[in-house]
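Read-outs: derived from the displayed coordinates by stated rules, not from any lab. Given the structure is predicted, the values throughout are model-derived calculations rather than measurements. When we count neighbours, we look across all protein chains shown, and the Cβ atoms used for this are built from the backbone with ideal geometry, even at glycine.
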Amino acid sequence: MNDKKLSINNLLGIKYLNLADVDLIFETADYFKEVINRSIKKVPVLRDLTIANLFFENSTRTKLSFELAQKRLSSEIINFSSAQSSLKKGESLIDTVNNILAMKVDIIVIRHPDPGAAMFLSKNVNSCIINAGDGTHEHPTQALLDAYSLKEKLGNLEGKKIVIVGDILHSRVALSNIFLLKMLGADVKLCGPKTLMPYYAESLGVSLEMDLSKAIKWCDAANMLRVQNERMDQSYFPSIHEYTSLYGLGLPLLKTLNKEIVVLHPGPINRGVEITSELADSKQAIILDQVQNGVAIRMAVIYLLASKLIIP
Ligand code: CP
């Protein structure tokens, strides 16, 4: 590893990164990917660091992946779940985090249902903050692991055609992916029902296609987003059956193509809704590669931010 530094002190969103930061994160992740595939998967680089994982929203992949990344770097970890905390007694977020920091914690990883929660914390507490997903806003480590996984399959993403399909409106994964893929020079298209397309979509520098089969014929890779039922306060389509018939992806459509596209899904999958089980379990879907790469990407992000704390 070299001694290059990130331009940022917190990871709040992809929009605060530049191309040199992304290249550095990917280079560092290459190194850590090799480490986690050894028989001894651990390096002692962050032995003196303590990280708190604050999850105010459910998570399987992101929470476990951050925890494993921290353990592989030999840092100390504390985990916080809002359900059993004094937030239930009326304590504010800032007070909660300042109490955690008083115990000599160095880095806060936060997932929160409110857009801007990570930015809010970074402005109000004295710590390095990593955004593990803030409501419908950004999920920067997901976008980094998605782009890293795509690069493994497609090589340089300059000029590659990537379609993001489904519930764009409620998706932090979509926004972070758009920012990152465009920074890497990809041609990005969004596809989904009009009701799940934000009004500002085209201002993000992407094109729109409502017809899934046209979008799939166009692309080199398709990122199939989860339908975020938990964020829907009204009906956005007549039925799940209708959604799936128009925007669900399966092998029959892929078999009509004269090329093999890469299929991603950030998880958790609603099997049979966004993609069929047959496709999810096929070699064209790189869902478990994404999860594996997530650990290396998060090791890289934590290591690079921590090295700025140790040697500013
Ligand atoms: N992709 C993702 O963020 O999954 P989790 O909600 O399980 O963390």
Computed from every Cα-Cα pair in region 77-116, P(r) in 5 Å bins starting at 0 and rounded to whole percents is 6, 17, 33, 29, 13, 1
Across 10 Å bins beginning at 0, the whole-percent shares of Cα-Cα pair distances in the chain come to 6, 28, 34, 23, 9, 1
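Compute the Rg to Rh ratio over region 83-208 from the alpha carbon atoms, using the Kirkwood formula for Rh, and round to two decimal places.
Details: Rg = 17.5 Å, Rh = 16.3 Å.
So for region 83-208, dividing Rg by the Kirkwood Rh gives 1.07.
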Rounded to the nearest 20 Debye, what is the dipole magnitude of region 140-290 about its Cα centre when Lys and Arg each give +1 and Asp and Glu each give -1 at the C-beta? 240
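Within a 10 angstrom radius of the beta carbon, how do 72, 231, 47 rank from fewest other beta carbons to most?
Values: 72 22, 231 13, 47 10.
Taking fewest neighbouring Cβ atoms as first place, the list is 47, 231, 72.
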Answer with one residue from 35, 90, 307: the one whose Cα lies farthest towards the positive end of the charge dipole of the chain, charges on Cβ with Lys, Arg +1 and Asp, Glu -1. 35
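Within the chain, which DSSP H helices have Cα atoms that stretch 27 Å or more along the helix axis and a mean Kyte-Doolittle hydropathy of at least -1.0?
Details: long enough: 287-310 (34 Å, 1.17).
Helices meeting the span and hydropathy rule in the chain are 287-310.
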If you place +1 on the Cβ of every Lys and Arg and -1 on the Cβ of every Asp and Glu, how big does the dipole about the Cα centre of the chain come out, in debye to the nearest 20? 480
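With N set to the residue count of region 122-170, report its C-alpha Rg divided by 2.2 N^0.38 Å to two decimal places.
Values: Rg = 14.6 Å, N = 49, 2.2 N^0.38 = 9.7 Å.
Ratio of Cα Rg to 2.2 N^0.38 Å: 1.51.
Loop-only GluC sites (Glu not before Pro) in region 158-231, please: DSSP not H, G, I, E or B, and at most 15 other Cβ atoms within 10 Å. Intermediate results must be reported in sequence, preceding the final value.
Numbers: sites: 158, 202, 209, 230; in loops: 158, 209.
Qualifying residues, ordered by number: 158.
Could you give the size of the charge dipole of region 55-140 about its Cα centre, using +1 on the Cβ of each K and R and -1 on the Cβ of each D and E, expressed in debye and rounded to the nearest 20? Numbers along the way, then the final one.
On the way: 9 positive and 9 negative charges, 44 e Å.
Once rounded to the nearest 20, the dipole reads 220 debye.
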Place +1 on the Cβ of every Lys and Arg and -1 on the Cβ of every Asp and Glu in the chain, take the dipole about the Cα centre, and give the residue among 159, 273, 78 whose Cα lies farthest towards its positive end. 78
Residue 283: which aspartates and glutamates have alpha carbons under 16 Å from its alpha carbon, excluding same-chain residues fewer than 8 sequence positions away? 152, 220, 260
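For region 140-290, state the average projected area of the convex hull of the C-alpha atoms over all orientations, rounded to one decimal in nm².
Values: hull surface 32.5 nm².
The Cα convex hull of region 140-290, projected and averaged over all directions, gives 8.1 nm².
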Are there any trypsin sites (Lys or Arg not before Pro) in region 255-312 that are in a DSSP loop and have at most 13 other Cβ atoms within 10 Å? List them by number. 259, 283
Between 173, 147, 192, whose Cα lies farthest towards the positive end of the dipole of the chain when Lys and Arg beta carbons carry +1 and Asp and Glu beta carbons carry -1, centred on the Cα centre? 147
With -39,500 (n - 2.57) per DSSP H segment of 4 or more residues and division by the full residue count of the chain, the 222 nm estimate, nearest 500 deg cm²/dmol, is -12000 deg cm²/dmol
Return the whole-Å distance between the Cα centroid of region 201-257 and the Cα centroid of region 290-312. 32
Restricted to Cα positions, what overall size does region 1-128 have along the principal axes? Three whole-Å values, descending. 45, 33, 26
